[in-house]
1. Within the set of pairs 6+ apart or on separate chains, which have a first residue in segment 9-26 that is of a type in the set (Asp, Glu), a second that is part of a helix (DSSP H, G or I) and surrounded by 10 or more Cβ atoms within 10 Å (Cβ to Cβ), and C-beta atoms under 6 Å apart?
2. Based on this model, can you work out whether GLN44 counts as out of contact with any helix residue (DSSP H, G or I) (no Cβ under 6 Å at 6 or more places or on another chain) and open to solvent by less than 100 Å² (accessible area, probe 1.4 Å)?
3. Would you point out which residue out of LYS84, LYS110 is of a type in the set (Lys, Arg) and either surrounded by 10 or more Cβ atoms within 10 Å (Cβ to Cβ) or modelled with pLDDT of 95 or more (or both)?
4. Considering each of LEU29, LEU75, LEU50 in turn, give the residue that is open to solvent by 100 Å² or more (accessible area, probe 1.4 Å), without any contact (Cβ under 8 Å) to a residue 12 or more places away in the chain, hydrophobic (A, V, I, L, M, F, W, C) and in a helix (DSSP H, G or I).
Amino acid sequence: MTQQGAVLQGYNNELVKCIEDLCMQKEELNKQIQQAKEEKNKLQHEIQVLNEQLERVCEDLAQKVASRNELDKILAETEAAYMKILDSSRTLLNVLKKEVGSLKHMPELKTN
């Protein structure tokens, strides 16, 4: 029976060692899980910060695009009005030249 007791003790020692190894693996895995959770929380926070920044940039961009579109409209209207002024000035100049030309043909304005 002593031999069976020794074999049983050997099995018991191996079993205890296997259980200790499993416990150490579990401990290491728990550390890795904790590190992964911390990294996940850190990344989620960074994502939240980036999403807030993105939202602010998008709002700013939308305001700037709206301002540019308004400036484009004002510029187009101003250019159209300026072209009308140029056209009116050219017309006025042509009329004035004709009037001056007509005056030169009048006998009382001719000089000797």
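1. So the pair list comes out empty.
2. yes
3. LYS84
4. One residue alone meets the criteria, LEU50.
The values are calculated or read from the model by the stated rules, or taken from the named source; none is laboratory data. This structure is a prediction, so every number in the text was calculated from the model and none was measured. Cβ coordinates were reconstructed from backbone atoms using ideal geometry, including for glycine residues, and neighbour counts include every protein chain displayed. Surface accessibility is based on the protein's heavy atoms, side chains included, excluding ligands, DNA and RNA. Shrake-Rupley method; radii C 1.70, N 1.55, O 1.52, S 1.80 Å.
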